[in-house]
Amino acid sequence: MYFEFQLSVKHNFLPMHILRGLLIFFLFIGSFWQGAIAQIPEKLSAGEIQLTLKKLNVVGSALYLAAHPDDENQMVIGYLSQELLMNTGYLALTRGDGGQNLVGPEIRELLGVMRTEELIQARKVDGSHQFFTRAIDFGYSKTTDETLKLWNKDKILSDVVWVIRKFRPDVIITRFPPDDRAGHGHHSTSAVLAAEAFELAGDPNSYPEQLQYVKPWQPTRLMLNDTEWFTKDIAAESKKNDSILAVNVGEYNPLLGKSVNEIAAESRSKHQSQGFGSTGSRGQNMEYFRLVKGSMPRKSLFDGIDTTWNRVEGGKAFGQMIRKAYENFQPENPSAIVPVLMQISEALKDVKDDYWQRVKREELNHVIAACMGAVPGNTHRYQCAGQAKRRRGNRARHCRVCLGSRRYHHPECRSN
Ligand SMILES: [Zn+2]
């Protein structure tokens, strides 16, 4: 993989041997990079770095599940990922290739490719992960039975079980109910498969061929993201029905300078082929969660689930190290925390949980890069320097990129 990065450590206090170690570290993480930037926004601000440091100390996971790209509730995903700071994913059973395209001539497979990319872009905005199954979007379906027959139920169910075992969500949330209220056979089927997979993922006798790669995993609860579409007067209903949890997800995040509503609007606007686009808002936004399986939470979606490092063997001391790093973080000098983060990186090797080690390794690498000011893929500086050198004979003062924007981006051009 071709990989370039630019170091701009502002403060000159790091000794050479540490810098050399960091460079080796970067060559090492080069191979991880593509995966990391596919899911997490790059070039973090100080506020975003602080939030990522905070997230390192949250050890919980949630999976949102529906049928198509654009079915997902970006408000709930944004809340889980950016407010609760959970490791969050969206499982779209299909890639939406049976849908419409409002921006171009591509349909069927090519539309599926476009919508896959739209989902990946949406997940970059809300900082979560994207999953699919092998289900084909064959267009509108009237019933669950028809959909299951055309999809090959066992194959798609095994894919859902696989994602649950691999991603290990504590909480699974479906967009749709398993009946006609869902309005589309694919939608109702997504809820039916979620409920069956919830029961099977923890059972070593189901799909045992997967167990050479993943372990059985039992999520704590399965909930339906209920709305007025499915339950009349859901707000009033939630007050008298003990199996419905009402949550205000419209929180404002001062570190991001955005509300969850605004993050969701940005994420939703990535579905360009569907003509979506909104500006977002601020203020309270209620969402409702109806218990389908597992234990009923009383106050929050993660009630009764330990989402600290205490849940992992050898994790307690590690959590304390991260808390200390978070408390000592200096927003105006992010690189000052790098030596501590390198110690944390070493300590992560002793955490005895492969899954959390992998998840947190990716977050940690990303935050270290951000604190160092490493900018992946910043090739402009090199192109610019090369062009300026070539054109110097013609008395060009700067490269085409800087000339085009009528300002000097960097010293190479300025000095020519
Ligand atoms: Zn849909």
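The values are calculated or read from the model by the stated rules, or taken from the named source; none is laboratory data. All of these numbers come straight from a predicted model, not from anything done at the bench. Every residue, glycine among them, receives a Cβ derived from its backbone with ideal geometry; neighbour counts consider all protein chains shown.
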*Return yes when Glu83 is closer than 27 Å to Ile344 by Cβ, away from the ligand (no atom under 16 Å from the Cβ) and modelled with pLDDT under 95 and no when it is not.*
no
*Which of (1) among the charged types (D, E, K, R); (2) more than 20 Å from the chain's Cα centre (by Cα); (3) within 15 Å of Lys55 (Cβ to Cβ) is the odd one out, the single condition Glu332 does not satisfy?*
(3)
*Search the stretch 179-206 for residues that are hydroxyl-bearing (Ser, Thr, Tyr) and pair each with any residue that is assigned to a helix (DSSP H, G or I) and within 13 Å of the ligand (Cβ to nearest atom) when their beta-carbon atoms are under 9 Å apart and the residues are at least 6 apart or on different chains.*
Ser188/Thr147; Ser188/Ala182; Thr189/Thr147; Thr189/Ala182; Ser190/Ala182
*Out of all the residues in the stretch 251-279, which are of a type in the set (Gly, Ala, Ser) and surrounded by fewer than 17 Cβ atoms within 10 Å (Cβ to Cβ)?*
Gly257, Gly275, Gly277, Ser278
*Give the number of residues within the stretch 325-342 that are in a helix (DSSP H, G or I) and either loosely packed, with under 12 Cβ neighbours inside 10 Å or in contact (Cβ under 8 Å) with a residue 24 or more places away in the chain (or both).*
12
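Can you pull out the residues in the stretch 170-186 that are out of contact with any helix residue (DSSP H, G or I) (no Cβ under 9 Å at 6 or more places or on another chain) and under 29 Å from Leu85 (Cα atoms)?
Initial filter on the stretch 170-186 (out of contact with any helix residue (DSSP H, G or I) (no Cβ under 9 Å at 6 or more places or on another chain)): 170, 183.
Passing the criteria: only Asp170.
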*Which condition breaks for Leu157 when tested against (1) at pLDDT below 95; (2) touching an Asp or Glu at 6+ places or on another chain (Cβ under 8 Å)?*
(1)
_Subset of the stretch 346-361 (residues that are crowded, with 18+ Cβ neighbours inside 10 Å and under 17 Å from Gln50 (Cα atoms))_ = Lys360
*Restricting attention to the stretch 206-224, which residues are acidic (Asp, Glu) and either within 16 Å of the ligand (Cβ to nearest atom) or part of a loop (DSSP other than H, G, I, E, B) (or both)?*
none
*the stretch 195-225, residues that are touching a Pro at 6+ places or on another chain (Cβ under 8 Å) and buried (at least 20 other Cβ atoms within 10 Å of the Cβ)*: Phe198, Ala201, Pro219, Arg221, Leu224
*asked:* Based on this model, can you work out whether Gly89 counts as away from the ligand (no atom under 16 Å from the Cβ), within 23 Å of Lys153 (Cβ to Cβ) and modelled with pLDDT of 95 or more?
replied: yes
*Tell me, please, whether a residue that is among the charged types (D, E, K, R), within 22 Å of Asp226 (Cα to Cα) and either away from the ligand (no atom under 13 Å from the Cβ) or assigned by TED's automatic domain parsing to the domain that holds Lys360 (or both) can be found in the stretch 151-168.*
no
*Which of the following residues is part of a loop (DSSP other than H, G, I, E, B), in the same structural domain as Phe176 (by TED's automatic domain parsing) and of a type in the set (Phe, Trp, Tyr): Phe289, Phe276?*
Phe276
*Just to be sure, is Ser158 surrounded by 24 or more Cβ atoms within 10 Å (Cβ to Cβ) and in contact (Cβ under 8 Å) with a residue 24 or more places away in the chain?*
no
*Give the residues of the stretch 69-79 that are more than 14 Å from the ligand (Cβ to nearest atom) and either within 10 Å of the chain's Cα centre (by Cα) or among the charged types (D, E, K, R) (or both), sorted by residue number.*
Ile77, Gly78
